[in-house]
Every structure is written in structure tokens, then in C-alpha cells.
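Student: One structure, pasted below without further comment.
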Amino acid sequence: MRAAVLVGVDRIDVREVACESPAPREILVRVTAVGLCGTDFHIVAGHANYNRDARGRPVPLGDAPQILGHEIAGVVEALGTDVRDLTTGDRVVVDQGRNCVSEARSPLCEYCAGGDSHQCEFYREHGITGLPGGLAEFLTIPAVNAVRVTSDLEPAVLALTEPLGCVVHSSDVLARAPARYARPRSIVILGAGPAGLLFVQYLRQVLGFDGVLLVSEPNARKRALAERFGAETIDPNQNDVALVVEERTHGRHAELLIEATGSGPAFATIAGLIRKQATVLMYGHGHAGVDLSVLNPLQFLEPTLLSPVGASGGHVADGRPATYVRALQLIKQGQVDVAAMITHRFASLDAVARVFAGEHRAPDYVKGVVTL
């Protein structure tokens, strides 16, 4: 099969690779769409490598090239001999994380037993930790990692089930947190990339939040989408974000802040935006360009710091990932509009290298999806 293979920092080759046949409990998925995530861009640029050896050391790309892509929609192409609840031709979205339920492991580890599948003791992830991902013609996964699609939604939209699942999981973590402001009336989101935009929609359309919702974002296209989805926006290049937040919250500042940029300088501003003992949800990753001293003013405020990761969660009765089932339902019902965020569609694997080379930096780029 053809795949876009990361062979070195900023080096992607489209080449022929082996197509793995499904084991008895697995299926072969023909990939129809793959969303491009900020994590992918970090890995390609050499800022991160989550493929680790047994001692936790990064495995160089020269030793183990990677096939990225973890926001995946596809069609069942072939079934393992023990698979009974799917048929060839079924449209599916993929939970890219392999956990105890995926591998039929018994007993479950403490994390899977507690409903935190993406923290599994034995966790591995297609497209991130070295297992082949969706930027290929086919992908072999456990059958229980495939959630059947019963609607006629297009593949590009279905691929965004995974990032919405991450927001669903983050919101679940937030709801369980022992925080002073369990029902915040003022929320600030840093960043209106895909994650920030999904948080805006989830807060307004799913949770019914009707308080002050401010989004700081320098990009005009993204600000327009945030406003369309129900937020007030701030251009940090033209305004002092702290002053605007103080004004809009009548001097109280934010009771909940969601950091969705992965920007070090943005992280450094958090202490000036929140109330004492506010909740800070650290969603973005990276935060380069600042040192740990930026935590000093934050620590004095005694915030509740949360750092949810991925579309983690428990499983429904048939073993499917509950978070993905929930996210797919929200898209199907129209409660969250992911299609409006897709600004760039790439019609083949041959376009992948060009996207990572810099096309994602275009002013009008919000979310890109590769369709096959």
C-alpha cells in the first residue's frame, strides 16, 4: 500500500509499505479521511517524538520511520476471523489508542478499569507512538476500536470525531474536578484553533453555558468562527487581553481558563487573566520559549490545574470507546459543527509533504483534512 512516511525531521516520502493483514480480532480499514492535528505538525518539525523505547528514550526517525495521522475515518475492507459485529463496507471512525479492551487483556489495568483508556498501563497509539497511522491507504486496528457510522456524513467531517472526543474528555475531567468555581460564570479561552473552536461550541451548544465567554486569538478568520459559534473575541495584537478580561468580567477575571494554544508566551499571561483559585485547563502542548519561572505568579493564586489528554474514557457494552461514540453522536445531531472549521482539503497522499512544509501557515488555514 502507499503511505506518507516521516523519514526525518521535515522529510515525508510517499512510498510503498507492507499492508498488515488483520489478526482474528482485528479489521483492515480502507482510509477515507485523516484530519491533520497540531501534534502531527510538532512531530514533523522535530519538536516531539512519542515513539519511545523500553527505557523511555525517543526512537530516532532514522531507525523507525513513522506514518502519522490519528484523526481517522474509513471503510471496513477485511475482517479477522473472530469479528462478528462488523461487515465489509461498514463506514467507521477509529479510536487510534490500543488499550486493555482493544487487546482483550484480563484483568484490565487500573486505568482501563477506571474509565481512562488513553492512560492504559500498556497504551500504544496509531499515528503517534510509532504504530502506523492513517496517512496511508489502509490501517489494521482492533475491531472494537472502530465505531460504525450510521449517517451519511462525509468522511472529512467524520475524521473530526477524534478531536471533538478530546474536548468531550476534557469536559468530563473538568466536571469531575474539585474546584472552587465548579459552575464558572466567566471563561477565557486562549486560542481559536480547532480545539478552541470546539470548546466554544461544546460550552455553548452542549453544556448550555450562557455566561461570559472570551476568546483571545490573533487570526481574523479564526476569530470570526469563534464569534459565529457564540464567543466574544479579543485580538491580542491590538488589545491588552488582561484589561479586556477585567472589563468584561467587571473586575472579577476568569473563573475558568482553557489554554488551547501550546504557546509559551500565551501561557505566561494566564496569571493576569484569572481569579484566585480559578480552574486552568491546560489543553495545548508545547509551550516553548519560556522557563518554569512563569509558574511563580500562577502558583500564588492556588489554581486548580487540569491536564486532560486525548479522547480518553470508558467503553460501552460492546467494548467500543464511549467518548468516540458520544462525539460522533454530537456531530450527527448537529450540536457541534465541525464542517465549518475545515478550510483546506487535500485530495491525495502526495499533498501531505506540501502541507507540512508550510501550507498550514496560510492566514486562512484553520483545519486541514486529507481525503483518499
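Student: For region 325-359, which residues satisfy the criterion of being in a strand (DSSP E or B) and among the basic types (K, R)?
Tutor: Selection gives R345 alone.
Student: For region 189-213, how many residues meet the condition of being part of a strand (DSSP E or B), more than 22 Å from T39 (Cα to Cα) and in contact with a Leu (Cβ under 9 Å, 6 or more places away or on another chain)?
Tutor: Counting residues in region 189-213 that are part of a strand (DSSP E or B), more than 22 Å from T39 (Cα to Cα) and in contact with a Leu (Cβ under 9 Å, 6 or more places away or on another chain) gives 1.
Student: Out of all the residues in region 5-23, which are open to solvent by 30 Å² or more (accessible area, probe 1.4 Å) and farther than 22 Å from F138 by Cβ?
Tutor: Scanning region 5-23 gives V9, D10, R11.
Student: Could you grab the pairs with beta carbons closer than 6 Å, sequence gap of 6+ or different chains, first residue in region 60-76 and at negative phi, second one at pLDDT 95 or above and among the acidic types (D, E)?
Tutor: If the second residue must be at pLDDT 95 or above and among the acidic types (D, E), the pairs left are L68/D40; E71/E162; V76/D90.
Student: Enumerate the pairs (first residue in region 31-55 and on the phi < 0 side of the Ramachandran plot; second residue anywhere and assigned to a helix (DSSP H, G or I)) with beta-carbon separation below 6 Å, excluding pairs fewer than 6 apart on the same chain, so at least 6 apart or on different chains.
Tutor: As it stands, the answer is T32/P155; A33/P155; A33/A156; V44/F356; A48/H42, since those pairs meet every condition given.
Student: Could you tell me which residue of region 323-363 is most open to solvent (accessible area, probe 1.4 Å), considering only residues that are charged (D, E, K, R) and at pLDDT 95 or above?
Tutor: Once the filter is applied, the top-ranked residue is R345.
Student: For region 177-199, what are the residues that are touching a Lys or Arg at 6+ places or on another chain (Cβ under 9 Å) and within 25 Å of H360 (Cα to Cα)?
Tutor: Correct list: G191, A192, G193, P194, G196, L197.
Student: Next question. For region 35-52, which residues satisfy the criterion of being open to solvent by less than 50 Å² (accessible area, probe 1.4 Å) and assigned to a loop (DSSP other than H, G, I, E, B)?
Tutor: L36, C37, A45, G46, A48, N49, N51
Student: Please give the number of the condition D10 fails out of (1) at pLDDT below 95; (2) under 22 Å from the mean Cα position of the chain (by Cα); (3) not hydroxyl-bearing (S, T, Y).
Tutor: So D10 meets the others, but not (1).
Student: Here is a follow-up. Just the residues that are under 25 Å from V83 (Cβ atoms) and touching a Leu at 6+ places or on another chain (Cβ under 6 Å), please, taken from region 319-356.
Tutor: A327
Student: Something else: Conditions: (1) under 16 Å from the mean Cα position of the chain (by Cα); (2) over 30 Å from K367 (Cα atoms). A73 meets all but one. Number of the miss?
Tutor: Among (1) under 16 Å from the mean Cα position of the chain (by Cα); (2) over 30 Å from K367 (Cα atoms), the lone unmet condition for A73 is (2).
Student: Of the numbered conditions (1) open to solvent by 10 Å² or more (accessible area, probe 1.4 Å); (2) within 25 Å of V200 (Cα to Cα); (3) hydrophobic (A, V, I, L, M, F, W, C), L372 fails exactly one; give the number of that condition.
Tutor: (2)
Student: Pairs under 6 Å by beta carbon, first residue under 21 Å from E71 (Cα atoms) in region 107-130, partner among the polar types (S, T, N, Q) and surrounded by fewer than 23 Cβ atoms within 10 Å (Cβ to Cβ), six or more apart or different chains?
Tutor: Close Cβ pairs satisfying both conditions: T129/N51; G130/N51.
Student: Which pairs have Cβ atoms under 6 Å, sit 6 or more apart or on different chains, and link a residue in region 158-180 that is touching a residue at least 40 places away in the same chain (Cβ under 8 Å) and of a type in the set (A, V, I, L, M, F, W, C) to one that is assigned to a helix (DSSP H, G or I) and open to solvent by 20 Å² or more (accessible area, probe 1.4 Å)?
Tutor: Pairs that qualify, where the first residue is touching a residue at least 40 places away in the same chain (Cβ under 8 Å) and of a type in the set (A, V, I, L, M, F, W, C) and the partner is assigned to a helix (DSSP H, G or I) and open to solvent by 20 Å² or more (accessible area, probe 1.4 Å), are V168/R326.
Student: Still on this model: I'd like to know if region 75-93 contains one or more residues that are touching a Phe, Trp or Tyr at 6+ places or on another chain (Cβ under 7 Å) and modelled with pLDDT of 95 or more.
Tutor: Yes, some residue in region 75-93 is touching a Phe, Trp or Tyr at 6+ places or on another chain (Cβ under 7 Å) and modelled with pLDDT of 95 or more.
Student: Would region 24-34 turn up any residue that is open to solvent by 30 Å² or more (accessible area, probe 1.4 Å) and part of a loop (DSSP other than H, G, I, E, B)?
Tutor: Scanning region 24-34, I find at least one residue that is open to solvent by 30 Å² or more (accessible area, probe 1.4 Å) and part of a loop (DSSP other than H, G, I, E, B), so the answer is yes.
The values are calculated or read from the model by the stated rules, or taken from the named source; none is laboratory data. Computed from a predicted model, the values in this text were never measured in an experiment. Don't worry about glycine lacking a Cβ; one is built from the backbone with ideal geometry, like all the others, and counts go over all protein chains shown. Heavy atoms of the whole protein, side chains included, go into the accessibility calculation; ligands, DNA and RNA do not. Shrake-Rupley method; radii C 1.70, N 1.55, O 1.52, S 1.80 Å.
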